[in-house]
């Protein structure tokens with residue numbers, strides 16, 4: 001039974017063999033996936049530009065005329081967030097090593113066996129989802145760390161200016177942010193910026209007084 005249209009995931013299929021593209025697309029569509037096809041790497045780049053946000057996974061043939069699948073993978077990795085897996089007629093350790101080194105989340109060998117295709121795609125999609133989650137977590141963590149640094153600096157400024165302890169300084173900062181319905185790190189950024197400005201003005205005044 002196919003998945004509801006709203007939950008169908010879009011797979012980009014890239015190969016210069018139209019018959020193979022049609023076969024893989026049919027297998028995936030019967031399994032509840034949506035597909036978009038490209039017969040060359042340049043065409044795949046265009047498809048990604050058009051629908052990057054929708055593409056859950058790309059299947060790239062390694063050996064294509066012109067830009068190879070490996071070159072396309074490098075481009076996707078550098079300029080997009082689209083995860084990819086490789087399709088190859090060669091099943092050896094070196095090809096698998098190349099696939100892994102380019103960041104592939106899966107590998108399918110020709111001739112394509114329909115019974116093995118779906119498990120390979122499901123495993124690749126699961127790995128792609130893990131990577132997306134790790135990226136989101138890293139971004140969130142970096143944002144939290146940045147906000148934490150600003151808050152710590154602001155607390156230090158308040159401690160020095162009002163000769164108080166760390167807990168009191170933090171509570172005053174937090175309560176001020178709450179009463180003004182603002183995020184604590186936004187208030188912290190303003191305090192740090194104001195302190196930096198006052199510091200630079202202090203230096204300017206000192207230089208002016210020394211010049212007199």
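Where a number appears in this text, it was derived from the coordinates with a stated rule and is not lab data. In this text, all values refer to a predicted model and were calculated from it rather than measured experimentally. As a convention, Cβ positions derive from the backbone with ideal geometry for all residues, glycine included, and neighbour counts pool all protein chains shown.
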So between residue 22 and residue 208, what do we pick up on full extension, going 0.36 nm a residue minus the alpha carbon distance?
59.1 nm
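Looking at segment 5-112, what % of the alpha carbon pairs are farther apart than 19 Å? Working shown, then result.
Working: 2196 of 5778 pairs.
When all Cα pairs of segment 5-112 are counted, 38 percent exceed 19 Å.
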Coarse-grained scattering of the chain at q = 0.10, 0.12 Å⁻¹, given as base-10 log I(q)/I(0) from a Debye sum over alpha-carbon atoms
-0.61, -0.70
Against the longest principal axis of the chain, how steep is helix 184-211, in degrees 0 to 90 to the nearest 10, with axes from Cα atoms?
50
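From Cα pairs below 8 angstrom and at least 6 apart in sequence, can you work out the relative contact order of the chain, rounded to a whole percent?
On the way: 245 pairs, mean separation 26.6, N = 212.
This gives 13 percent for the chain.
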Work out the FRET efficiency for residue 167 and residue 197 from their Cβ-Cβ distance, taking R0 = 35 Å, and round it to the nearest 0.05.
0.85
Extension length gain for residue 183 and residue 110 (0.36 nm per residue less Cα distance), in nm, is 20.8 nm
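So for 33, 162, fewest C-beta neighbours within 10 Å to most, what's the order? Show your work: numbers first, answer last.
Details: 33 20, 162 11.
Ordered from fewest to most neighbouring Cβ atoms within 10 Å, 33, 162 come out as 162, 33.
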